[in-house]
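Here, each number is a calculation from the coordinates, and none is a lab measurement. On a predicted model such as this, the values are computed, not experimentally measured, just so you know. Using ideal geometry, Cβ is built from the backbone for each residue, glycine included, and neighbour counts are taken over all protein chains shown.
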Amino acid sequence: MKNPPALYLEADTITPDTFAGKTAAQIAELPVFEGNTASTLGRYFEIAGNAGTTAADTKIIVKGDVKKVKYLGMKMSAGEMVIEGSADQYVGAWMTGGKLLAKGNVEAFAATAMKGGELIIEGNAGNYLGAAYRGDWRGMSGGKILVKGNAGSDIGMYMTGGEMVINGNVDVHLMTHAEGGKTIVKGNAPSKVGGQMVDGTIFIFGSIDTMMPGFKPNGEVELEVEGVKATFAHYIGDMGERHKKKKGAIVYANLYKKI
Amino acid sequence: MSEYIIKNGNVFDPVQGIKGDKKDIAIKDGKIADKVSSSAKVIDAKGMTVMAGAVEIHAHIAGPKVNLGRIYRPEDKLFTCTPTKGMERMGGGASIPTTFKTGYEYAKMGYTTAMEAAMPPMFSRHVHEEIRDTPIIDEGAFPVFGNNWFVLEYLKNHEIENTAAYIAWMLRVTKGYAVKVVNPGGTEAWAWGLNCLSVNDPVPYFDITPAEIVKGLIEANEYLGLPHSMHIHPNNLGNPGCYQTTLDTLKLAEGMKANNKFGRESVMHLTHSQFHSYKGTNWGDFESGAKEITDYVNKNKNITIDTGNVTLDETTTMTADGPFEHHLTGLNNLKWANCDVELETAAGVVPYIYSPNISVCAIQWAIGMEIPLMMKDPMRCYITTDHPNAGPFTRYPRVIKWLMSKKARDTQVNAFKHKDKVLSQTSIGSLDKELSLYELAQMTRAGPAKTLGLGGMCGGLKPGMDADIAVYNFNPDKPVADPEDIEKAFSRCAYTFKSGVEVVRNGEIVSLGNKRTLWVNVKVNDNPQVMRDINEKFLKYYSMTQNNYEALGHHFVPNPYALEVDATRV
């Protein structure tokens, strides 16, 4: 970043897929919007080096203050990307493969509808991490997310597959409406954990201030999760929601809270 | 105004019986002319297909439930938005396009007139604001009457003249075009959480049956001599076995004769017939009733239909059949919006994915193909998708490809996961017929225009008619190498003219023209009783005053075109 924008940049062209096969000069010509003004990447970024021939061969390191840059790594399918600072919304949204590392924090809507690949956030993640796009019922379906800090509210909404690990705490509304997938929270969750969940798994190592009334106690179980062996209180739910059947047996979502 | 001459095109015009002759079409002062001067702009349509602009007889493109669909489906606009460019304002939406995009997309496919299928009268002002904001194409809207308290009360006592006076009043204050009936009686029952699934189920409180409602409205329609016939979405839509309810509904037209000065010959238009042609008893033994329905309609020539083709897309269902939408959300567990439940109607909106991997969806697609291929008179069967219910209207070129190419149909059938079931439950495998361009023109231009009572004005290329013309990059003299070429050609016109103005050139919008709002102005004898009933109900039941109810003035209807009807009696 050489010329931080006054407004926000819509930088969905900054991905290994879009850079693949291009020289630095060609990358500088890629389009970017600042607000509603069309521009090119070269106006805001110094570009050094050339991309690989394919996305898989391409590694991008984004340096400088990108706190107002949205859509970094959007729809990437292969390759590597490192964001050295903090970024704005929609980091790695709709990604299907590759490795994306954000060393700082990310704002809301990161990993929207993720299908595959690996996203690591060393700082904090905002709201709606790994959630479905607004209005959609098809959320994250594959891939892995690791947040070393805390995450916001509404994470994993409508999740159907894949895995999220949050080392810190989460805010309200975890895996709302989920139909699959797995989320492990090593810290605490305040409330609205697993609301309207139909299938999928949640592990909470820390505390839950208020349990959803639709989750029914189902005994205790000894499990090893993320290298930790412990006893977990097992709950099934959301009892207020519809229930699927697999091979004649009723399927519930599973919530495990470490005792 | 500009003069044009479209030269050397292959012309298909059922109004004049022209079946592909190479003919010049002259345009002068907004109309098709016998000839033009030497200063006319020449358009070379050599090797191209020339037809009148297409006429959409039934689509949900303007109004509160359409907009509710737009509002509650941001994901329908994800990656489908286009910024302002050239003549086009920004637009978006795959299954529920925004109003500007709606006008552009219709015009680019050669459509020049469209009818909004269901207008809730209390929100006619909203419908007209959206019609005003839909560029290029002329539009009308059908107010719904089949669940209206006045209609239910008058028809219980078979008061046809009063019903007719009320219809005339309603068409005037809502700037409406025709008598639309949706799930007669059942949508009023929905206000109580109930429904009417057969033509003999009485409506709660009003104690009148759907059969009585439908027959009464046909009689009132013909008493008035309206340009279009009664237009009906029958009871029991979408349920296996519903074909019987459809036949019961069609039989209500037996013996009825069309009365009007607009050239219309039918008394009942059955809409989105695909959804009403289901045999079987459940989704497991679900099969096609297309043969039963088309056999009946083929024999009974006072009925017209439109297809309601499934396009195998993710789309959005929206209908005034409120109870049906509640049933659908129970089937697919997707988000449901319920609205418009006032004195006059109801509505529901639910997304739906017609997946080629689901046998039910594949059979629905096949039924949509069977119906137009089994109808003997293309002037009585029109192509629609009941947009957006069975698919977006932007898929018309794909539907045309399937109907014109057995090879394309076979490719689709072979791609179905449950191909065997599709072949056993429908007759699609044995249907070899391929629509000709002339039949296509009958089903998308001349036919719908005639049944709408617009046959003198549009749907054909006879001198004196409006210069609404579509020119396609499709050469009828060359054999079709790849069916995809059909879809490509009908997706983007080489030229579209609307009222003599060139609006599309090479698939791009070049002018917005001056679209009109079509409505029907009926003169009836003074009817003090009906006027008193209206005043009384407004005082007792309506949440607004009569002054605020009417769609009046330039804001709502900036460029009206009224079809005048004199239904006064001595």
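May I ask you to order B:6-17, A:248-259, A:71-82, B:507-518 by the average number of other C-beta atoms within 10 Å around their residues, highest value first?
Details: B:6-17: 21.2, A:248-259: 16.7, A:71-82: 23.4, B:507-518: 19.3.
Packing order, densest peptide first, comes out as A:71-82, B:6-17, B:507-518, A:248-259.
Place a +1 charge on the Cβ of each Lys and Arg in the protein assembly as shown and a -1 charge on the Cβ of each Asp and Glu, then give the dipole magnitude about the Cα centre in debye, rounded to the nearest 20. Here the size comes out at about 1180 debye. DSSP beta bridges confined to segment B:1-160 are antiparallel in about 45 percent of cases.
What ranking do A:31-43, A:54-66 get when scored by the average of other Cβ atoms within 10 Å per residue, highest first?
On the way: A:31-43: 14.8, A:54-66: 17.6.
My ranking of the peptides, most packed first, is A:54-66, A:31-43.
Relative contact order (percent) for segment B:1-160, with alpha-carbon contacts under 8 angstrom and 6 or more residues of separation? Once normalised by length, the contact order is 19 percent. Pairwise Cα distances in segment A:11-97 exceed 15 Å in 54 percent of cases.
Dimensions of the protein assembly as shown from C-alpha coordinates, computed as largest minus smallest value along each principal axis and given longest first, are 91, 68, 57 Å.
The orientation-averaged shadow of the Cα convex hull for segment B:159-268, equal to a quarter of the hull surface, comes to 7.3 nm².
Taking the Cα centroid of segment B:240-285 and of segment A:35-64, what is the distance between the two, rounded to the nearest whole Å? The two parts, judged by their Cα centres, are 60 Å apart. Compute the separation of the alpha-carbon centres of segment A:87-105 and segment B:383-450 and state it in Å as a whole number. Value for the Cα centre distance between the two parts: 43 Å.
Relative contact order for chain B: 20 percent, from Cα pairs under 8 Å spaced at least 6 residues apart, divided by residue count.
Were the residues from A:Arg242 through A:Ser191 laid out at 0.36 nm apart, the gain over their Cα-Cα distance would be 16.2 nm.
Can you say what percent of the DSSP beta bridges in the protein assembly as shown, counting only those with both residues inside, are antiparallel? Round to 5. Write out the running numbers ahead of the final one.
On the way: 61 of 139 bridges.
Approximately 45 percent, going by the DSSP bridge assignments.
Give the order of B:Met531, A:Met212 when sorted by the count of other beta carbons within 10 angstrom, beginning with the fewest. Show your work: numbers first, answer last.
Numbers: B:Met531 13, A:Met212 21.
With the fewest neighbours first, B:Met531, A:Met212 line up as B:Met531, A:Met212.
For segment B:61-130 and segment A:181-246, what is the separation of their Cα centres, given in Å? That distance is 43 Å.
By the beta-carbon count within 10 Å of each Cβ, the least crowded to most crowded order of B:Asp420, B:Asp466, B:Asp340, fewest first, is B:Asp420, B:Asp340, B:Asp466.
Exposure proxy shown here: for A:Leu223, B:Leu452, the number of other Cβ atoms within 10 Å sets the order, fewest to most, as A:Leu223, B:Leu452.
For segment A:152-157, backbone phi angles converted through the Karplus equation (6.51, -1.76, 1.60; θ = phi - 60°) give residue-by-residue couplings of x, 8, 6, 7, x, 5 Hz, Gly and Pro being listed as x. Each residue of segment A:182-193 was assigned a 3J(HN,Hα) from its phi angle through the Karplus expression (A = 6.51, B = -1.76, C = 1.60, θ = phi - 60°), giving 9, 10, 10, 10, 7, x, 9, 10, x, 6, 6, 8 Hz with x at Gly and Pro.
For segment B:245-314, the alpha carbon convex hull comes to 106 Å³ per residue, rounded to a whole number.
Which whole-number value in Å³ per residue fits the convex hull of the alpha carbons of segment B:333-439?
Working: hull volume 14.6 nm³, N = 107.
It is 136 Å³ per residue.
Here the ratio of the Cα radius of gyration of segment B:80-195 to 2.2 N^0.38 Å is 1.31.
Less than 5 angstrom separates the built amide H of B:Gly20 from those of B:Val11, B:Phe12, B:Asp13, all sequence-distant by 5 or more or on a different chain.
Within segment B:253-404, DSSP assigns beta bridges of which about 70% are antiparallel (rounded to the nearest 5). If you average 1/r over all unlike Cα pairs in segment B:462-570 and invert the result, what Kirkwood radius do you get in angstrom? Every distinct Cα pair counted, the radius reaches 18.9 Å. Mean partner shielding of peptide A:131-138, defined as the number of other chain Cβ atoms within 10 Å of each residue Cβ, is 4.
The lysines within cross-link reach of A:Lys59, meaning a Cα-to-Cα straight distance under 26 Å and a gap of 8 or more places when in the same chain, are A:Lys2, A:Lys22, A:Lys67, A:Lys68, A:Lys70, A:Lys75, A:Lys99, A:Lys103, A:Lys115, A:Lys144, A:Lys148. In this structure the amide hydrogen of A:Asn127, modeled in the peptide plane, comes within under 5 Å of the amide hydrogens of A:Ala108, A:Phe109, A:Gly152, A:Ser153, none closer than 5 places in sequence on its chain.
As a calculated quantity, the FRET efficiency between A:Ala24 and A:Arg138 at R0 = 51 Å, using C-beta atoms, amounts to about 0.85. Ordering of A:164-174, B:423-433 by packing is A:164-174, B:423-433, highest average first (other Cβ atoms within 10 Å, averaged per residue).
For B:Ile43, the residues whose amide H sits under 5 Å from its own are B:Ile5, B:Ile6, B:Lys7, ignoring neighbours fewer than 5 places away on the same chain, with H placed 1.01 Å from N. Computed from the Kirkwood radius of its Cα pairs, the Stokes-Einstein diffusion coefficient for segment A:179-245 at 37 °C and 0.692 mPa s stands at 260 µm²/s. Neighbouring Cβ atoms from other chains, within 10 Å of the Cβ of residues in B:72-78, number 4 on average. Here the scattering of segment A:72-147 is modelled by Debye summation over its C-alpha atoms, one equal scatterer each and no solvent; at q = 0.24 Å⁻¹ the log10 of I(q)/I(0) is -1.00.
In sequence order, segment B:259-265 has phi-based couplings of 10, 5, 9, 10, x, 6, 10 Hz under the Karplus curve 6.51 cos²θ - 1.76 cosθ + 1.60, θ = phi - 60°, and Gly or Pro positions carry x.
Calculated FRET efficiency, B:Ser436 and B:Tyr296, Cβ-Cβ r, R0 22 Å, to nearest 0.05?
Details: r = 25 Å, r/R0 = 1.12.
E(calc), rounded to 0.05, equals 0.35.
Taking only the alpha-carbon positions of chain B and ignoring solvent, what does the Debye formula give for the base-10 log of I(q)/I(0) at q = 0.05, 0.06 Å⁻¹? Debye curve over Cα of chain B, log10 I(q)/I(0) at q = 0.05, 0.06 Å⁻¹: -0.18, -0.27.
Simple spin-label estimate for B:Lys46 and B:Lys156 gives 7.1 nm between the two label positions (7 Å along the Cα-to-Cβ direction from each Cα).
A simple spin-label model places pseudo-atoms 7 Å from Cα toward Cβ; at B:Met90 and A:Ala230 they are separated by 4.7 nm. According to the Cα-based calculation, Rg over Rh for segment B:361-422 is 0.96, with Rh computed by the Kirkwood formula.
For the pairs B:Lys28/B:Lys376; B:Lys257/B:Lys523; B:Lys108/B:Lys433; A:Lys258/B:Lys77, note any where the Cα-Cα span goes beyond 30 Å. Long pairs (Cα-Cα over 30 Å): B:Lys28/B:Lys376; A:Lys258/B:Lys77. Per residue of chain B, the DSSP helices (runs of n ≥ 4 H) give a summed -39500 (n - 2.57) that works out to -9000 deg cm²/dmol at 222 nm. Counting every pair of alpha carbons in chain A, the share spaced more than 22 Å apart comes to 54 percent.
About the Cα centre of segment B:339-448, what is the dipole size in debye to 20, counting +1 per Lys and Arg Cβ and -1 per Asp and Glu Cβ, all else neutral?
Details: 13 positive and 11 negative charges, 123 e Å.
Using Cβ point charges on Lys, Arg, Asp and Glu, segment B:339-448 gives about 600 debye.
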